[in-house]
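*Asks:* Please read through the structure below; I'll follow up with questions.
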Amino acid sequence: MKKWSALGFLNENYLIILIFIAGVIPRFYDLGGESVWYDEAVSIAVSKLGFADIVKWIFDNKAETNPPFYYMVLSLWVPVFGDSELVSRLPSAFFGSLSILAIYALGKLLFGKKTGLIAALILATSAFHLRYAQEARGYTLMVCFILISYYSLLQLTIKRRVLYAVTYVASTALLVYTHYYGVMFILSQNIFCFTLLLKNKKIGELGIRGWLKLQVITVLFLLPCFVLLAVIALKIQKGFWVPEPSSEVIWQFYFIYSGSIYLLIIFLALSLYSLAGISKFRGRKPAAKPAKPTSARTGSDAPALTYGEKLYMLLVWMLVPIVIPYFISLVSSPILIFRYTIGASLAFFLLASSGVGNINNKWLVSAVAVLILIFSYFNVSGYYKTVHKPQWRELMSYVELNARPGDVIVVSPVYERVSAEYYNKRQDLKIVPLVKTFPLFEGLGDGNIWFVFHAHPESRKNSREGLGRKYNINEKSYYKLDLFQLREKSGY
């Protein structure tokens, strides 16, 4: 047995270590630089509840359509370390960083080390994934569970071990408890496995009885979540904020995943090259070379998925979480939004990376990696130069600095009250949501009404015309927010 040494480990893994560091730095850099927006403010507020209260809140809140697990994870963090922007986003940055190692492991197992390294590089430098690694929401936790679930499934097709069965069931169940779109990735796996069972009677080393047993155990763990999913489905049927998708939405999603048209072209070209390699690898064992497992029943080498079957797995994984919600959105309440499908981007990255894995010229591989780095650098640089979230922190700081005791803050839409309350540090200011008509306030005297609403030319014009008859207006604009300082005119 070869003796382990730190020098040998570094020599073997220095590239993934460098890629990991290159991905970690931007995920933690300037983590608290932007304001918390509504979804994050909700995450932080709910994380201050106990586990039972979180579940009750999800059932009772008419607008909430997320499962409880991410809120529970955050509830172990925020009450201990605080609720600042930076601290609240740390778990997302951690899970986003961990995903780089996870996709490397999966890519390596699928097609070899070269594929794993390129997949890790794409994910590490992805501005799309960076954005959600810097947001106090459950998307990067969702990504981790998807990668672990697929890695465990792939391992089970190579060698049947209890460890991989446990990690598969746990990660798959927790995926659905993290986001209801997790169901789409379970559906992707079942479409893939059912197809192979019809064709081969087995999925590598995993037979139909083994697969059914895994699914039954997973479903048993998900029984409480099915009740929650039914409640969420009913809420969505009563009206959801997501608009109906257009016919070109699928193309747009892959453009968003890539971050630029140049990277999209590179990823599509590599994906096509990967698909073109099916004939070359037809009938071969996969490129990855795990330790040779033996079947407990036959003593022979365990059958493995072919190159084509693995590509088919990625295609199903890449398309189902977008295509199925797209058709659901056409016949029912729309549910398709790009950040919900973040897991599909992983399959797209792996498919493109498998194309690089088929390139035998090391200089050409290096050139592809450099191109990915260059275009990704511009995307990441642009991410840091752009404001993405409504500037609640800047707006509320201005209000608190200039408000008089007893002033009132009116917010619109109603749900933005939670954002204002997150930043309001003054107990002498009252926050009132605008429900239908602008509220009347008595006894303000020379006090101010601070009206905050989503920035939009039409809203700004209507508010100015409607309120200008009664109030003197001082306006300030922030990213995605408008602020009117209202003082009642004499004679009213």
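The values are calculated or read from the model by the stated rules, or taken from the named source; none is laboratory data. Owing to the predicted nature of the structure, the values given are computational and were not obtained by experimental measurement. Neighbour counts are summed over all protein chains in view; Cβ atoms, including those assigned to glycine, are modelled from backbone coordinates with ideal geometry.
*Asks:* State whether the residues of the range 108-120 include one that is at positive phi and more than 20 Å from the chain's Cα centre (by Cα).
*Replies:* Yes, the range 108-120 contains a residue that is at positive phi and more than 20 Å from the chain's Cα centre (by Cα).
*Asks:* Looking only at residues that are basic (Lys, Arg) and more than 20 Å from Ile236 (Cα to Cα) in the range 22-60, which one is modelled with the highest pLDDT?
*Replies:* Filtering first and then ranking leaves Arg27.
*Asks:* Within the bounds of the range 475-484, is there any residue that is assigned to a loop (DSSP other than H, G, I, E, B), within 27 Å of Ser43 (Cβ to Cβ) and among the basic types (Lys, Arg)?
*Replies:* Yes, some residue in the range 475-484 is assigned to a loop (DSSP other than H, G, I, E, B), within 27 Å of Ser43 (Cβ to Cβ) and among the basic types (Lys, Arg).
*Asks:* Please work out if Leu117 is surrounded by 24 or more Cβ atoms within 10 Å (Cβ to Cβ) and either outside any helix (DSSP H, G or I) or in contact (Cβ under 8 Å) with a residue 40 or more places away in the chain (or both).
*Replies:* Judged against the criteria, Leu117 is not a match.
*Asks:* So which residues in the range 390-446 are surrounded by 13 or more Cβ atoms within 10 Å (Cβ to Cβ), hydroxyl-bearing (Ser, Thr, Tyr) and without any contact (Cβ under 8 Å) to a residue 40 or more places away in the chain?
*Replies:* Listed by number, the list holds a single entry, Ser397.
*Asks:* Only residues in the range 151-175 that are closer than 22 Å to Lys201 by Cα count as the first member; pair them with residues that are at pLDDT below 95 and among the charged types (D, E, K, R), Cβ under 8 angstrom, at least 6 apart or cross-chain, and list the lot.
*Replies:* Here the result reads Gln155/Arg161; Leu156/Glu205; Thr157/Glu205; Ile158/Glu205; Lys159/Glu205; Arg160/Glu205, each pair linking the range 151-175 to a residue that is at pLDDT below 95 and among the charged types (D, E, K, R).
*Asks:* Hey, among Tyr415, Tyr398, Tyr478, which residue is in contact with a helix residue (DSSP H, G or I) (Cβ under 6 Å, 6 or more places away or on another chain), of a type outside the set (Lys, Arg) and not assigned by TED's automatic domain parsing to the domain that holds Trp241?
*Replies:* Among Tyr415, Tyr398, Tyr478, only Tyr478 is in contact with a helix residue (DSSP H, G or I) (Cβ under 6 Å, 6 or more places away or on another chain), of a type outside the set (Lys, Arg) and not assigned by TED's automatic domain parsing to the domain that holds Trp241.
*Asks:* Restricting attention to helices (runs of 4 or more DSSP H) lying wholly within the range 352-459, give those where 1 or more residues are within 30 Å of Ala22 (Cα to Cα) and at pLDDT 95 or above.
*Replies:* The qualifying helices (runs of 4 or more DSSP H) are 362-385, 392-402.
*Asks:* Kindly list the number of the only condition in (1) part of a helix (DSSP H, G or I); (2) touching a residue at least 12 places away in the same chain (Cβ under 8 Å); (3) over 24 Å from Thr167 (Cβ atoms) that fails for Glu244.
*Replies:* (1)
*Asks:* Oh, and also: Please indicate, with yes or no, whether at least one residue in the range 222-241 is more than 21 Å from Tyr340 (Cα to Cα), in the same structural domain as Ser376 (by TED's automatic domain parsing), surrounded by 15 or more Cβ atoms within 10 Å (Cβ to Cβ) and not β-branched (Val, Ile, Thr).
*Replies:* There is no residue in the range 222-241 that is more than 21 Å from Tyr340 (Cα to Cα), in the same structural domain as Ser376 (by TED's automatic domain parsing), surrounded by 15 or more Cβ atoms within 10 Å (Cβ to Cβ) and not β-branched (Val, Ile, Thr).
*Asks:* Kindly establish whether Val143 is touching a Cys at 6+ places or on another chain (Cβ under 7 Å), assigned by TED's automatic domain parsing to the domain that holds Asp83 and over 27 Å from Ala367 (Cα atoms).
*Replies:* No, not satisfied.
*Asks:* While we're here: Looking at the structure I just gave you, is Ile265 at pLDDT 80 or above, of a type in the set (Val, Ile, Thr) and in contact with a Phe, Trp or Tyr (Cβ under 6 Å, 6 or more places away or on another chain)?
*Replies:* Here the answer is no, as Ile265 does not meet what is asked.
*Asks:* Oh, and also: Given the criterion aliphatic (A, V, I, L, M), in the same structural domain as Ile148 (by TED's automatic domain parsing) and farther than 20 Å from Pro67 by Cβ, identify the matching residue among Leu198, Leu175.
*Replies:* Leu198
*Asks:* Could you look through the range 1-52, keep only residues that are of a type in the set (S, T, N, Q) and assigned to a helix (DSSP H, G or I), and pick out the one that is farthest from Ala127 (Cα to Cα)?
*Replies:* Here the residue is Asn11.
*Asks:* Restricting to the range 121-167, name every residue that is under 11 Å from Ile100 (Cβ atoms), more than 12 Å from the chain's Cα centre (by Cα) and not in a loop (DSSP other than H, G, I, E, B).
*Replies:* Leu121, Ile122, Leu123, Ala124, Leu147
*Asks:* Okay, next question. Considering only residues that are touching a Phe, Trp or Tyr at 6+ places or on another chain (Cβ under 6 Å) and farther than 28 Å from Pro325 by Cβ, look in the range 341-381 and name the one that is surrounded by the most Cβ atoms within 10 Å (Cβ to Cβ).
*Replies:* If we take residues in the range 341-381 being touching a Phe, Trp or Tyr at 6+ places or on another chain (Cβ under 6 Å) and farther than 28 Å from Pro325 by Cβ, then Gly357 is surrounded by the most Cβ atoms within 10 Å (Cβ to Cβ).
*Asks:* Only one of Phe128, Phe95 is touching a helix residue (DSSP H, G or I) at 6+ places or on another chain (Cβ under 6 Å), under 27 Å from Leu311 (Cβ atoms) and touching a residue at least 12 places away in the same chain (Cβ under 8 Å); which?
*Replies:* It is Phe128.
*Asks:* Right, something else. Please enumerate the residues belonging to the range 196-221 that are under 21 Å from Gly182 (Cβ atoms) and β-branched (Val, Ile, Thr).
*Replies:* Across the range 196-221, the qualifying residues are Ile203, Val216, Ile217, Thr218, Val219.
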